[in-house]
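The values are calculated or read from the model by the stated rules, or taken from the named source; none is laboratory data. Not measured: the values here are computed from a predicted model. Heads up, the Cβs are rebuilt from the backbone with ideal geometry, glycines too, and the neighbour counts pull from every protein chain shown. Just the protein is used for accessible areas: all its heavy atoms, side chains included, with ligands, DNA and RNA removed. Shrake-Rupley method; radii C 1.70, N 1.55, O 1.52, S 1.80 Å.
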Amino acid sequence: MAESTRRRLDSDDRAPHGSEFEVFVRSDGDDPMRHVGSVRADDADGAYELASRLFAWHANDVWICPSGDVARYTTHELADEASTVDRPVDGEEPRNREWS
Amino acid sequence: MISVSTLLCDHGADGNRLRYDIDTGTETPVTDRAQRRPVVVWNTTNRCNLKCVHCYAGAESEPKDGELTTAEGKRLLDDLADYGVPVVLFSGGEPMVREDLEELVAYAADAGIRPVLSTNGTLLTADRARGLKRAGLAYAGVSVDGLAELNDEFRGVDGAFQAAVEGIETCLDVGLKTGLRYTVTGQNVDDLDGVVDLLTDVGLDRFCFYHLSYSGRGEDLSSVDLDAAERRDVVKRICDRTLRSHRRGDEIETLLVGNYADAAYIVEYARREFGEDTARRIYERLEQNGGDPAGERVAAVDCLGNVHPTQFWRTYSLGNVRDRSFADVWEDDSNPLLQAVRNRPENLTGRCADCRYKEICRGGSRLRALADGNGLFGPDPQCYLEEDERRGALPPASAD
Ligand code: SF4
């Protein structure tokens, strides 16, 4: 099933500036570590400092990992999720439709 | 985003509940429903042709490796449309350096999203402005941050002011709705009236004033930010100016963005100017607006696909649209920070905790609170409300 369509995503860093670090937290010793997004910093110490400012109120344990070091395998592919949208023929009709 | 003109002058008053929190060029919401999905700022590229000292995105002269491609951008727009996102703000860097901008704008419009643009205006030639209008662009917000000398110094390029003014004129000429974006700092506060006068003369009638956000290159600028008295003074000037122009019959739109202490101030201003009933009515409207929108009514996707709680909160990402859909990232209930930010009024500390305006302000910017060392739920250093205003015994409106 999903396994056969899984593919590896880029392994580059994901920060437009500095470096991106994935953040994992655990509030109690018997909880699993939970991925809670990523922070951007110059180095691991800066990333930990930032992550702890965001999550210290919640978590006993804070782990960080350079984003570029994570090998990601997924069935999700942004470029595969197209739903085709009809294009206007002459470009004249109003393009904004009411959102509802 | 707080519409000073609507609140104080009933300008475009409509009673609708959708309130955008970025400048989308409209005060006439597209639906009478409350805003259920966030407006999404898409920072389409890190590249910019200017070098603004206060750039929140820290843009550079080259694009980043791995920026979302045209195909990925279209899939993202499909994803946002499926989720019911009402508006996408194309931003950057400078979004107009992307050659596929018109294509992406048209795609968004076809998918049922209102496409709007945030630009430095310097690349708005007649051809491009016409192309964008044809593509369905609903609005272009053009940044100018001072009169010529100061603006060009801020923007790091001689002639940027003149080019931006010409860009605004071009938009007006081709019938593309446009407005000013002005980020107010201690350095440019004295130029504000001159810029508004000059642009009024060229026919502009929409003016959007941003408080400085401490992110990107703006992080280093907290020292040149306004102090509380200066901020109060400039907001008062903007309110006064709006009232004056409406009394003269000029239907200008003025908006304040990025500091919801403005909401509290405007209620206080209205009480002094018009009395308790009007203040109460304004408070009720601001209650519907809902206060600082970070993580709720505004989201951002950066050029590499990272999803942020606002376009300014660049150092924290909730996830990446290359890993899973925007909706999955945004709706992830397991993220404790997102949950706490969405329940802000009960988590606020310090002077915000017992402020009577916390429901219409929600403590202002979490990002500035963090940058100032006040913690995730501490006070926003840009709050300029006075103690007697903050500590009034009763909320002035429907909460009683
Ligand atoms: S004290 Fe806090 S909640 Fe009250 S107006 Fe200031 S920032 Fe907003």
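Under 17 Å from a label point set 7 Å out along the Cα-to-Cβ vector of A:Glu49, the amide N atoms of the stretch A:17-42 belong to A:18-21, A:39-42.
Taking a quarter of the surface of the convex hull around the Cα atoms of the protein assembly as shown, what do you get in nm²? Don't skip to the end; give the middle numbers.
On the way: hull surface 94.0 nm².
So the Cα hull casts an average projection of 23.5 nm².
With all protein chains kept in place, the per residue accessible area of chain B amounts to 34 square angstrom at a probe of 1.4 angstrom.
Springs between Cα atoms under 10 Å define the GNM used for chain B, and in it the highest mean-square fluctuation of B:Glu296, B:Glu99, B:Glu359 occurs at B:Glu99.
As an exercise, use a Förster radius of 45 Å and the Cβ-Cβ distance of B:Glu331 and B:Val202 to find the FRET efficiency, rounded to the nearest 0.05. Kindly include the intermediate steps, with their values, before the conclusion.
Working: r = 44 Å, r/R0 = 0.98.
Approximately 0.55, to the nearest 0.05.
Please report the carbon-and-sulfur percent of the accessible area for the protein assembly as shown; probe 1.4 Å, protein heavy atoms only, DNA, RNA and ligands left out.
Values: 8770 of 19600 Å².
On the protein assembly as shown, the fraction of accessible area on carbon and sulfur atoms equals 45 percent.
Using the Cβ-Cβ distance between A:Trp57 and B:Arg36 with R0 = 25 Å, the FRET efficiency computed as 1/(1 + (r/R0)^6) comes to roughly 0.35.
Once B and A are treated as a pair rather than alone, how much accessible area drops out, both sides summed, in Å² to 100, probe 1.4 Å? Please report the intermediate quantities before stating the final value.
Details: alone 15290 and 8210 Å², together 19600 Å².
So the buried area, both faces added, is about 3900 Å².
On the beta carbon distance between B:Gln162 and B:Asp65, with R0 = 35 Å, the FRET formula returns roughly 0.55. Legend: mean number of C-beta atoms from other chains within 10 angstrom of residue C-beta atoms, peptide A:16-27, equals 4.
Among DSSP beta bridges lying fully in the protein assembly as shown, give the percent that are antiparallel, nearest 5. Walk me through the numbers on the way to the answer.
Numbers: 22 of 54 bridges.
DSSP beta bridges in the protein assembly as shown are roughly 40 percent antiparallel.
Taking a point 7 angstrom from the Cα of B:Gln339 along the C-beta vector, which residues in the stretch A:20-46 have backbone N less than 17 Å away? The answer is A:24-37, whose backbone nitrogens lie closer than 17 Å to the label point. Inter-chain Cβ neighbour count for B:313-324, averaged per residue, equals 6 (cutoff 10 Å, partner chain atoms only). Ordering B:241-247, B:175-181, B:44-50 by mean Cβ neighbour count within 10 Å, with the highest value first, yields B:44-50, B:175-181, B:241-247.
Inter-label distance, A:Arg34 to B:Asp193: 5.3 nm, where each label sits 7 Å from its Cα along the C-beta direction.
What number comes out for the charge environment of B:Gly363, summing +1 per Lys or Arg and -1 per Asp or Glu over other residues with Cβ under 9 Å away? Computed value for this residue: +2.
Given springs between every Cα pair under 10 Å in a Gaussian network model of chain B, which of B:Asn335, B:Asn374, B:Asn289 has the largest fluctuation? Maximum among the listed residues: B:Asn335.
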